[in-house]
Amino acid sequence: MTVIVTGAGGHLGRLVAEELLQRIPPERVVLVTRRPRALKGFAARGAQVRYGDFDDPASLRQAFAGGQRMLLVSTDAIGRRVRQHRTAVDAAVAAGVGHVVFTSVVNPVARSPLGPIAWEQGRTEEILRRSALTWTILRFGSYAELQLPPAAVAVKNGRLYTNGGDGRMVPVSRRDCADAAAAVLTTDGHAGRTYDITGPEAFSASALAALFTAVSGRSVGVVELSDRMLTLLLVSIGTPLPSALSVAAFGRAVRRGYFDVVDPACERLTGRPPASLRDVLVSRRADLLAAR
Ligand SMILES: NC(=O)c1ccc[n+]([C@@H]2O[C@H](COP(=O)([O-])OP(=O)(O)OC[C@H]3O[C@@H](n4cnc5c(N)ncnc54)[C@H](OP(=O)(O)O)[C@@H]3O)[C@@H](O)[C@H]2O)c1
């Protein structure tokens, strides 16, 4: 069985590639990316590295040739992803790929405060379900690694500014997401299944502040702000407005419960408990203390 990974040059794609190389012979691993030269190390280990860009449909014919299963890594081109993902699904059908696994997000619904970050994923899920392909959907919680920069700022200031209210989130490490994806790609029994891939523990803002305090050794308290005040604060310290609005939208989604999902699927797929946010922060403690 030959397994394709799209977006193999990204953080997640590389981790999936590493895990696949532990599970199947390297010549059975096809890594598709816009930047093949960046994956020279994988090619040297025997993986097939091919050029492929969802904005260049013709490139996908060759890129997807000969694959039986494929991980479709959602792109980061917010606002253009439905078209890109549809192109990839159509190309997978045309190339005879039987089974596509898609990286979605928990609660990918149109009413989510995350807007296209969520609904584009939900729309792609629909495209897959209506396609001629066998599919599996992996709905990831928020990446634990993305908590590191705000955690470092909170440690530096001694304050965690939040508009998340009493809402909770369940960070999951990219490695666990990647290992779950590799497990689905290389074992049977996942056709037509949708899995929520989450970390082991839900965190409110106060639980986050307590964790930041414990890991850093510096006291961090919670300061609750409205969506508007958080956006203004972020802009006032130099955050570009679109990014500030995204952070506020994420907090609003947390407040309304869209990320409050704890599910055992990750452990069932990988055979070991997922890393906790504490594990991720401890492994990056120097970065946690480095914010200026
Ligand atoms: N759950 C979460 O918390 C969370 C947070 C942020 C993002 N995400 C989603 O998860 C995905 C993977 O995360 P990551 O951390 O690995 O992201 P990343 O490192 O920023 O990588 C971006 C990914 O998008 C791919 N891509 C961009 N434009 C493309 C195109 N035209 N055609 C094909 N692929 C394209 C890249 O592939 P190449 O560079 O190899 O071509 C790469 O895999 C993101 O792209 C995003 O959809 C999830």
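Any read-out appearing in this document is the output of simple, stated calculations on the displayed coordinates, not a laboratory observation. Everything numeric in this text was worked out from a predicted model, so none of it was measured. Reconstructed Cβ throughout: ideal geometry from the backbone, glycine too, with neighbour counts over all protein chains shown.
Observations on the structure shown:
- Computed lengthening from Met1 to Thr194, 0.36 nm per intervening residue step minus Cα-Cα distance: 67.3 nm
- Nearest-0.05 FRET efficiency for Glu126 and Gln68, computed from C-beta distance (R0 22 Å): 0.40
- Relative contact order for the stretch 3-140, counting Cα pairs under 8 Å that sit 6 or more residues apart, in percent: 20 percent
- For the stretch 56-202, averaging the sequence separation of C-alpha pairs within contact (under 8 Å, six or more residues apart) and dividing by the residue count gives a relative contact order of 24 percent.
- Approximate spin-label separation Arg37-Lys156, in nm, with each point projected 7 Å along Cα-to-Cβ: 3.4 nm
- FRET efficiency for the pair Val109 and Glu201, taken as 1/(1 + (r/R0)^6) with r the Cβ-Cβ distance and R0 = 30 Å, rounds to 0.80.
- Sorting 44-50, 175-181 by their mean Cβ neighbour count within 10 Å, with the most densely packed peptide first, gives 175-181, 44-50.
- Sparse-neighbour loop sites [chymotrypsin sites (Phe, Trp or Tyr not before Pro); the stretch 1-84; at most 10 other C-beta within 10 Å; DSSP]: none
- Approximating the spin labels as points 7 Å out from Cα along Cα→Cβ, the Leu146-to-Leu241 distance works out to 2.2 nm.
- Of all beta bridges that DSSP places with both ends in the stretch 3-140, some 5 percent have antiparallel geometry.
- Rounded to the nearest whole Hz, the Karplus-based 3J(HN,Hα) values (6.51 cos²θ - 1.76 cosθ + 1.60, θ = phi - 60°) of the stretch 178-187 follow the sequence 5, 5, 5, 5, 5, 5, 5, 6, 10, 10, with x at glycine and proline.
- Computed over the chain, relative contact order equals 18 percent, with contacts defined as Cα pairs under 8 Å that lie 6+ residues apart.
- Label-to-label distance, Arg86 versus Ala210, with points set 7 angstrom from Cα along the beta-carbon direction: 4.8 nm.
- Among beta bridges identified by DSSP and lying wholly in the chain, the antiparallel ones come to about 5 percent.
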